[in-house]
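> Attaching a single structure in structure tokens format; questions to follow.
Read-outs: derived from the displayed coordinates by stated rules, not from any lab. These figures come from a predicted structure and were not determined experimentally. Note: ideal-geometry Cβ built from the backbone for every residue, glycine included; neighbour counts use all protein chains shown.
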Amino acid sequence: MTKTVFITGATGGIGEPTAQVFADNGYRVAIGYHSNQAKAEQMVGALNGDGHIAVQCSTNDTESVKSAVANIKS
């Protein structure tokens, strides 16, 4: 079973190299973004392996987080 990691705020700062480390170690990576969908999708394309996705999420909104997690699980 492949493990999955959800990195919130992945399109800025430390998020991008963190996503790459997880992908390099066999994880499926869910790239969390608030507004920069283009950057998130670019990052997904640059990661090694398959099964990575970009997921819109506002971490200060409970329903947004629940929706993001449901999207990742599916």
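> Working from Cα positions, state the angle (0 to 90°, nearest 10) between the long axis of helix 15-24 and the longest principal axis of the chain.
It works out to around 50 degrees.
> Another question, if that's okay. Once the piece of chain linking Asp50 and Ser35 is laid out straight, how much longer is it, given 0.36 nm per residue of separation minus the C-alpha distance between them?
Working it through step by step, the gained length comes to 3.1 nm.
> Using label points projected 7 Å from each Cα along Cα→Cβ, tell me how many nm separate Lys73 and Asn25, to one decimal.
Using points 7 Å along Cα→Cβ, the separation is 2.5 nm.
> While we're here: Using +1 on the beta carbon of Lys and Arg, -1 on that of Asp and Glu, and nothing else charged, what's the dipole of the chain about the Cα centre, debye to 20?
Values: 5 positive and 6 negative charges, 33 e Å.
My answer is approximately 160 debye.
> Normalised by the number of residues in the chain, what is the relative contact order in percent for Cα pairs under 8 Å and 6+ residues apart?
27
> Any chance you could give the angle, 0 to 90 degrees and rounded to 10, that helix 62-73 forms with the longest Cα principal axis of the chain?
Roughly 30 degrees between the two axes.
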